[in-house]
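Step one of this worksheet: look at the structure below.
Every number here is computed from the coordinates shown, using simple stated rules; none is lab data. Bear in mind that the values here come from a model prediction, so they are computed numbers and not experimental data. Here the Cβ positions follow ideal geometry from the backbone for every residue, glycine too, while neighbour counts run over all protein chains shown.
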Amino acid sequence: MRGRRVGVFGGTFDPPHIGHLVAAQRALETLDLDEVLMVVAHDPWQKSGDRHITPAATRLELVSAAVAGVADLTASSVEIDRGGPTYTVDTLETLRAADPDVELFLILGADAAARIPTWHRAGDLAALCTVVVVDRPGAAADGVIDAPMLHVEVPLLEVSSTDLRARAAAGRSIRFLVPDAVAELVDSHGLYRAGPGSRVSADDQH
């Protein structure tokens, strides 16, 4: 019997949006995965210092709300539980140690895939997972690591967490760009708003 086929879709998810969910769902279906873990970064070391990052526990709450009731998409706290800087190779090793027979598929956008050579212990990825690049039709990101890469085409959706933070800071709606439950949490927590007492200032853009 084959081991479980699990997608690992990591990110800051600040906030999670429909583009994240479409990519995860498309990978789930195209690659016949049993589950996709939406892994919330604890301390995204390549972004730390560039801007304020919403606390990990809050971002996990947002992702949990985004996937609530969605079959086979799961919010994962594996990196938060481990603590410290977030290194993908450590996450893959943790998941493999918990289930030695699991087949892991690391799901990345083309931009993230192009940065793999800068990652911590990038040379160890090939032994731990299959890299899956999800991007618009016709895009390619081959050659970034010495291992086969799979490609999954996704619809072109012009939405980003950066833009969503800017919209919220300006008092503009993010409705329909994120699941309703996420929009409600962003509002109730006062995330990304400008002004005294807000969790994120107006210039918090990356």
Can you tally the net charge around ALA68? Count Lys and Arg as +1, Asp and Glu as -1, for every other residue whose Cβ sits under 11 Å from the Cβ of ALA68. -2
List the residues whose amide H sits under 5 Å from the amide H of ASP43, counting only those 5 or more places along or on another chain, with H placed 1.01 Å from N in the peptide plane. THR86
Most exposed first by the Cβ proxy, i.e. fewest other Cβ within 10 Å, how do PHE176, PHE13, PHE105 rank? PHE176, PHE105, PHE13
Relative to the Cα centre, what is the charge dipole magnitude of segment 5-158, using +1 at the beta carbon of each Lys and Arg, -1 at the beta carbon of each Asp and Glu, and rounding to the nearest 20 debye? 400 debye
For ILE107, other-chain or 5+-apart residues with amide H closer than 5 Å (H placed, Pro excluded) are VAL8, PHE9, GLY10, VAL132
Using label points projected 7 Å from each Cα along Cα→Cβ, tell me how many nm separate GLU29 and THR162, to one decimal. 2.9 nm
For a footprinting-style exposure proxy, rank VAL154, VAL8 by other Cβ within 10 Å, fewest first. VAL154, VAL8
